[in-house]
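S.K.: My questions all concern the structure below.
The values are calculated or read from the model by the stated rules, or taken from the named source; none is laboratory data. Everything quoted here is computed from the prediction, not taken from an experiment. Positions of Cβ are generated from backbone atoms using ideal geometry, with glycine treated the same way; all protein chains shown enter the neighbour counts. These accessible areas exclude ligands, DNA and RNA; they are computed on the full protein's heavy atoms, side chains included. Shrake-Rupley method; radii C 1.70, N 1.55, O 1.52, S 1.80 Å.
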Amino acid sequence: MKTKIVFSEKCLNYGGWHIEGPTRVKMAHEFLKEKDYEFLEPTPASEEDVLKVHDVDYIWNLKKGLVEDSDTPAYDNIYEHARLSAGGAILAAEINGFSIMRPPGHHAGRRGAALGAYTRGFCYLNNIAIAVKAMGKPALILDVDGHHGNGTQEIFQGDEKVVYVSLHRYPYYPGTGAYSEGNCLNFPLPVDCGEIRYLETLDRALGMVDTGKFEVVAVSAGFDNHVGDLASLGLTENSYREIGKRIAALDKPVFFVLEGGYVGEQNGKDIDQLLKGYEERT
Ligand SMILES: [Zn+2]
């Protein structure tokens, strides 16, 4: 069955000047529309769901626009935009779909910047963490964005219901993820390491996970490790197809949440290939 895409035009209404801007999602949406995907409109995450992940003081500051840093602007109504993106992740979890909503989330920790990072890296609320907590099921979070999801690690460090696996460029922003810690398995990779090394590492990483322990796979789907993008690991469209096959081989319910990926023309193609690889096995 073809995976449904979660999307709302509302996520295109802010931040036109920033690298994490509407174009990256707008172009992905246009490409996927041509490929006959079905789209579903999300509703905002409830404050109750948000507060299962984030501290009340941080949310208060986010509502007031008091959380600007050098990467992450305090746009008007950013709390509402972030809540809708988190709602997209929750809907994706409910329907085993793919949320292409923005802003992204995996750098956002409980109180903002996580594990000593100096910014929140374009993130406000941790969408995938909010969806995983809302489901309440034992989960494998697989983070294939080119950056380490320091926010996600901070939130789930020591959580017996969650295993977090991340492959990412290192040394690089946010400066975390150099080694594994407990339930957080980190696989640092050098710049432009290429598809062969990436897939070998992914196979090794997934081989270390006890699949009997979780009921759902939550994928932080970032595409900034595509060759030439912000955190390039030298991957191509074909690499995402191969990643999709490996996700399907886990043989669990899966949902996907967009993280990075800053070349608009490329994001739609990469998402399509990831889902093609995933669906080949389902
Ligand atoms: Zn990234």
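S.K.: Tell me the label-point distance for the pair residue 110, residue 236, using the 7 Å Cα-to-Cβ offset, in nm and rounded to one decimal.
M.R.: Label at residue 110, label at residue 236, 4.5 nm between them.
S.K.: Highest GNM mean-square fluctuation, the chain, Cα pairs closer than 10 Å: which of 70, 85, 99?
M.R.: Between 70, 85, 99, it is 70 that shows the largest mean-square fluctuation.
S.K.: So for the chain: antiparallel DSSP bridges make up what percent, rounded to the nearest 5?
M.R.: Looking only at bridges with both residues in the chain, the antiparallel portion is about 10 percent.
S.K.: Same structure again: For the chain, which span is the longest to avoid every loop-located (per DSSP) member of chymotrypsin sites (Phe, Trp or Tyr not before Pro) having at most 15 other Cβ atoms inside 10 Å?
M.R.: Result, exposed sites excluded: 180-282.
S.K.: So for the stretch 95-224, averaging the separation of alpha carbon pairs under 8 Å that are six or more residues apart and normalising by length, what relative contact order in percent results?
M.R.: Taking the mean separation of contacting Cα pairs over the length of the stretch 95-224, I get 26 percent.
S.K.: Distance between the C-alpha centers of the stretch 141-174 and the stretch 206-254? Whole Å please.
M.R.: 13
S.K.: Hey, what do the phi angles of the stretch 176-185 turn into as Karplus ³J(HN,Hα) couplings, whole Hz, using 6.51/-1.76/1.60 and θ = phi - 60°, x for Gly and Pro?
M.R.: With the stated coefficients, the stretch 176-185 comes to 10, x, 6, 8, 7, 9, x, 7, 10, 9 Hz.
S.K.: Given the Cα-Cα distance of residue 2 and residue 280 and 0.36 nm per residue of separation, how much length would full extension add, in nm?
M.R.: 99.1 nm
S.K.: Turning to a different aspect of this structure: In whole percent, what relative contact order does the chain give with Cα contacts below 8 Å and a gap of six or more residues?
M.R.: 20
S.K.: Mind telling me which of 67, 216, 56 comes out most flexible in a GNM of the chain, alpha-carbon contacts under 10 Å?
M.R.: Highest fluctuation of the listed residues: 56.
S.K.: Once you've got the GNM for the chain with C-alpha springs shorter than 10 Å, pick whichever of 271, 100, 78 has the biggest mean-square fluctuation.
M.R.: 78
S.K.: Can you count the Lys pairs in the stretch 149-282 whose Cα atoms are under 18 Å apart, with each pair 8 or more apart or on different chains?
M.R.: For the stretch 149-282, the number of qualifying lysine pairs is 6.
S.K.: Let me ask something else about it. Tell me whether the stretch 121-188 comes out rounded, prolate or oblate; compute the Cα gyration tensor, take square roots of the eigenvalues as a ≥ b ≥ c, and use a/c under 1.5 as the rounded threshold.
M.R.: oblate
S.K.: Could you give the length gained on full extension between residue 211 and residue 23, defined as 0.36 nm per residue of separation minus the Cα-Cα distance, in nm?
M.R.: Between residue 211 and residue 23, full extension yields 64.0 nm more.
S.K.: Just to confirm, what accessible area per residue do you get for the chain at 1.4 Å probe, in whole Å²?
M.R.: 39
S.K.: Given the Cα-Cα distance of residue 197 and residue 51 and 0.36 nm per residue of separation, how much length would full extension add, in nm?
M.R.: Once the chain is fully extended between residue 197 and residue 51, it gains 48.7 nm.
S.K.: Among rounded, prolate and oblate, which fits the chain when a ≥ b ≥ c are the square roots of the eigenvalues of its C-alpha gyration tensor, a/c under 1.5 means rounded, and a/b larger than b/c means prolate?
M.R.: Cα axes put the chain in the rounded bin.
S.K.: Turning to a different aspect of this structure: State whether the stretch 19-170 is rounded, prolate or oblate according to the following rule on the C-alpha gyration tensor (a ≥ b ≥ c being the square roots of its eigenvalues): a/c under 1.5 gives rounded; otherwise a/b larger than b/c gives prolate, and the remaining case gives oblate.
M.R.: In terms of gyration-tensor shape, rounded.
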